[in-house]
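The values are calculated or read from the model by the stated rules, or taken from the named source; none is laboratory data. Owing to the predicted nature of the structure, the values given are computational and were not obtained by experimental measurement. With ideal geometry, Cβ positions are generated from the backbone for all residues, glycine too; neighbour counts draw on all protein chains shown.
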Amino acid sequence: MTVLILGLILFLGMHSVRIVAEGWRTKQIAQRGEKGWKGLYTVVSLVGFALIVWGFGLARQQTVALWAVPRGMAHVAALLTLVAFVLLAASSVPGNGIKSKVHHPMVLGVKVWALAHLLANNTVADLVLFGSFLVWAVLDFRAARRRDRVASTVYPAGTTAGTVKAVVGGVLAWAVFAFWAHGWLIGVRPFG
């Protein structure tokens, strides 16, 4: 569990700088330059992510169930992760109506993904991993919306074509991940 927690601290900590230390971040960018800051951000995030993957694999070997998962939660989780993948796609597809409405679809997608996994899983490792991401995503989404209000950020209206591309891209990515990649990468097949 220590490796998992260390990975979460590095990964989510680096991704939380704008939430808790915007001034420090600005100073770092001024000192290191944009590329230098992005390089540091990337290295720390990748190390954190690798530790999360390794640590979660280790922590899953010692399963301690905290609650009984209600029947049907795997189906609810599958539907919620589909929504999360569409939100993730919407963060990258230009000119879509989803981004125009929610403004930060990637962070919202992380919230939905984490909640889905908490509903369908019940171990200490699951609670630590997915609970951490859920708390982070809630705080980050709120901070990002606050920054938008302060800066009077206006998001352009989306187009039907952009929205369709985001939805189709998200559904296709979800299908690949749910029916193949999740089992290959994580060792768990959501659909048997």
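Could you list, in sequence order, all residues of the range 158-171 that are closer than 13 Å to residue 106 by Cα and either in contact with a strand residue (DSSP E or B) (Cβ under 8 Å, 6 or more places away or on another chain) or not in a helix (DSSP H, G or I) (or both)?
First pass over the range 158-171, keeping only residues closer than 13 Å to residue 106 by Cα: 166, 170.
166, the sole residue that qualifies.
Per-residue answers, yes or no, for (1) within 27 Å of residue 1 (Cβ to Cβ); (2) among the charged types (D, E, K, R); (3) at pLDDT 90 or above; (4) in contact with a strand residue (DSSP E or B) (Cβ under 8 Å, 6 or more places away or on another chain):
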position	(1), (2), (3), (4)
15	yes, no, yes, no
25	no, yes, yes, no
42	yes, no, yes, no
46	yes, no, yes, no
56	yes, no, yes, no
63	yes, no, no, yes
Checklist outcome for this item: Considering residues that are surrounded by 17 or more Cβ atoms within 10 Å (Cβ to Cβ) and more than 15 Å from residue 122 (Cα to Cα), the number found within the range 42-81 is 6
Checklist outcome for this item: Listed by first then second residue, the pairs whose first member lies in the range 144-172 and is without any contact (Cβ under 8 Å) to a residue 24 or more places away in the chain, whose partner is surrounded by 13 or more Cβ atoms within 10 Å (Cβ to Cβ), with beta carbons under 7 Å and at least 6 positions apart or on separate chains, are none
Next on the checklist: Give me the residue from the range 114-125 that is aliphatic (A, V, I, L, M) and surrounded by fewer than 18 Cβ atoms within 10 Å (Cβ to Cβ) and, out of that set, nearest to residue 83 (Cα to Cα).
Outcome noted: 119
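Given the criteria under 30 Å from residue 67 (Cβ atoms), buried (at least 16 other Cβ atoms within 10 Å of the Cβ) and among the basic types (Lys, Arg), does residue 111 qualify?
Judged against the criteria, residue 111 is a match.
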